[in-house]
Amino acid sequence: MKRFDVNDLVFSKPKKNILGGQTVVIKFDKQKPTLTLKKLSCVKINLQNSITYTSETHDDLSFFDQMDKVTMNMAFAHAFEWFGKDVSIDTIKSLFVPSVREHELKTKLSSELEFFNICNHKIDFHEIISRNIDVVIEIAGVYFIPGKFGIAYKTKQIKILPKYNLFSYSFIDDNDSDFSDAEPN
């Protein structure tokens, strides 16, 4: 995976999709861009369709705010191509569906979705709700539905991280310990 800046992304001309709607493909270096997000929490999964992630801080998902801004600017610059007429930036903002809502990111599931454990071995799907995970997400493109548009993302891979539980007392006691050997900082 190559690193990319959202300002270096290339937006295609609108194309008809298989459902008769319209799609704008987003590429970087002639490929659909992917990104890795670390230590997210999976809050909801529907294996037929989508997965929802959350992060403890909105900063962890700040990349998506940048994607939203670049996409809205592209929509404004290419409004006639994308919407069939010139529209104001305020109209674009009102039609745009943000990528992150209430600290949650929802993505479609790739048909090639793979699950891995912490040792990087492929595993079969098992319960990941409320688990910490790393994910590889593809930026699929811009979707258009009546009265709305936004960016579509696909989850390509999920790495399930181990759960660490601290008990009420988690220190390992050393009974032979003598604090006389301790040095001040």
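List of remarks:
- Selection within segment 75-112 - among the polar types (S, T, N, Q), under 21 Å from the mean Cα position of the chain (by Cα) and surrounded by 13 or more Cβ atoms within 10 Å (Cβ to Cβ): Ser99, Thr107, Ser110
- Residue match in segment 93-103 (condition: assigned to a strand (DSSP E or B), over 18 Å from Ser55 (Cα atoms) and not hydrophobic (A, V, I, L, M, F, W, C)): no
- Of residues in segment 1-31 being among the polar types (S, T, N, Q) and more than 18 Å from Glu81 (Cα to Cα), the one modelled with the highest pLDDT: Gln31
- Taken over segment 3-20, residues that are surrounded by 14 or more Cβ atoms within 10 Å (Cβ to Cβ) and either in a loop (DSSP other than H, G, I, E, B) or basic (Lys, Arg) (or both) amount to 3.
- Neighbours by Cβ (under 7 Å, 6+ apart or cross-chain): first from segment 22-34, free of Cβ contacts under 8 Å to residues at least 24 places away in the same chain and more than 17 Å from Ala79 (Cβ to Cβ); second β-branched (Val, Ile, Thr) and in a strand (DSSP E or B): Lys27/Val10
- When each of Asp65, Asp59 is tested for being assigned to a helix (DSSP H, G or I), at pLDDT below 95, surrounded by fewer than 16 Cβ atoms within 10 Å (Cβ to Cβ) and in contact with a Ser or Thr (Cβ under 9 Å, 6 or more places away or on another chain), the lone residue that passes is Asp65.
The values are calculated or read from the model by the stated rules, or taken from the named source; none is laboratory data. Remember, predicted model here, so these are calculated numbers, not experimental data. A quick note on method: Cβ atoms are made from the backbone with ideal geometry, for glycine too, and the neighbour counts reach across all protein chains shown.
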